[in-house]
1. Please list, ordered by chain and number, the residues whose modelled amide H lies under 5 Å from the amide H of Ser199; skip anything fewer than 5 residues away on the same chain.
2. What net charge do the residues around Gly441 carry, taking every other residue with its C-beta under 11 Å from that of Gly441, with Lys and Arg at +1 and Asp and Glu at -1?
3. Along the Cα→Cβ direction, 7 angstrom out, place labels at Ala207 and Gln274. What is the inter-label distance in nm?
4. Quickly work out the Glu378-to-Thr253 label distance, labels modelled 7 Å from Cα along the C-beta direction, and quote it in nm with one decimal.
5. Placing unit charges on C-beta atoms (Lys and Arg positive, Asp and Glu negative, everything else neutral), compute the dipole magnitude of segment 284-380 about its Cα centre in debye, rounded to 20.
6. In a shell of Cβ-Cβ distance under 11 Å around Ala484, excluding Ala484 itself, what net charge do Lys and Arg (+1) and Asp and Glu (-1) give?
7. If each of Glu356 and Asp54 carries a label point 7 Å out from its Cα toward its Cβ, how far apart are those two points in nm?
8. Can you sort Trp186, Trp285 by how many other beta carbons sit within 10 Å, fewest first?
Amino acid sequence: MLHFPTTRALTVPAMAAPKRPRLLLALGLGLALALSGAPAFQAQAFGAPETFADLAEQISPSVVNITTSSVVAQASDGGPMVPPGSPFEDFFKDFMEPKGQGNGPQRSEALGSGFVISGDGYIVTNNHVIEGADDIEIEFFSGKRLSAKLVGTDPKTDIAVLKVESPEPLPFVAFGDSDAMRVGDWVMAMGNPLGQGFSVSAGIVSARGRELSGAYDDFLQTDAAINKGNSGGPLFNMDGQVVGVNTAILSPTGGSIGIGFSMASNVVAKVVDQLKEFGETRRGWLGVRIQDVTPDVAEAMGLADAKGALITDVPEGPAKLGGMLAGDVILSFNGSEIQDVRDLTRTVADSPIGEEVPVLVLRDGSETTLQIKLGRRETDEAEPVPAAQKNTPVEPQKAEILGLTLVPVDEKVAKDLDLPAGATGLAVTGVDAGSDAAGKGVGPGDVIVEAGQQKIVTLSDLQDRVTEAKDAGRKSILLLVRRAGDPRFVALSLD
């Protein structure tokens, strides 16, 4: 049987969407289009290319079709992976549901795309194209077919590197600078949609910096037609350089509706280099929990700008050994300015393992440079365990503060909430539905352990921090809240 491990389809029903829908595989979400007036402006307009034929002719020999095969336990019960009513529906139904094979083990074939990046036969595709494959066959534009071996994969970016042996050098393409691509720039996609063979589509960059579900996501969004079978194929700029790897689509039908996503080449190129050299990725590891500095958090901390990465927890690891503390705001890392959590995650991943790097943090209003020796994420990362704290006598009463009903954590509360032995803080037992706390997701079972970046144990500790913040003219107060051991900072209004 034949199927397409394709550009991943993200399906949506016809209903209104949240303001910023999360894109989740196999989950339905609604989309809405809002139109609003905008002031007129003048801009220099550039015409569309007269033809893409020369570019297509130049780079087609470097694009490949990929067929994988594997033994599956039994025949799939699923229907054809084409939109209902498609002219291909009957064909795929007949092809994918051969008669008389029963439910015994069968050999399954899958189709995808890829591209050659070196004359000696290295090929890039998506991990989900070749995942679980027993055999991988590469078909070139010339019709030549070669068997490929797997060099390495990176599920976090959905990238895989293959290798074929060819008696003569192969045509190949180079990576371009995805950061140089602008919204509105022309791009061209190539691949093997629905198993129809080599196919070209063109469009523009619709958006940059899109995230789907991964920590290292940096997708270019394009309206160039991308369909099932295009997975792993290249997205080219007009200079014939690869600026993205076609990976996912957003669609209510499973076919292209002009919302496709290509992993940015500046991410892919680094992954490919590591897979070629080591057969695996080797990313730097800092060992902290972080969150973005939002405007309300910045105001509560007295920061001039809402930027940087706010440290919420520092378990055992490189950061703790280097002197980093919860409440620090990372402003730059190894010489690169940090705007948000995404910046930090990628910068750390690309930084040298086992070497000390300078980290500029803001702590108590002053900038401090720390020297951190990074670990390797793939081998050193572990689930942090909240450190047990010395038990301190607390008041038995409860109080309502900032729209929260709070009780000090004692042995009984700690047991009820499954907290570590000796845990302290204020446990949330109720939340006013109309309060700022409710709007920001604070709920029963949460434990407040810091207020105004100071440890709190008693109700009077929190009252004192609130009073101090008001006396200082603050509009909000920063709380460190733990839920099931996971910390985050929340800025609550003092009004």
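Taken together, the values in this text are just the output of simple stated rules run on the coordinates, not laboratory data. Computed from a prediction, not measured in an experiment: that's the story for all the values here. Because the Cβ atoms are built from the backbone with ideal geometry, glycine has one as well, and the counts that use them run over all protein chains shown.
1. Distant-sequence amide H within range of Ser199: Gly191.
2. +1
3. 2.7 nm
4. Modelled inter-label distance: 4.1 nm.
5. The dipole magnitude comes to about 260 debye.
6. -1
7. Label-label distance for Glu356 and Asp54, simple model: 5.5 nm.
8. Listed from fewest to most nearby Cβ atoms, that is Trp186, Trp285.
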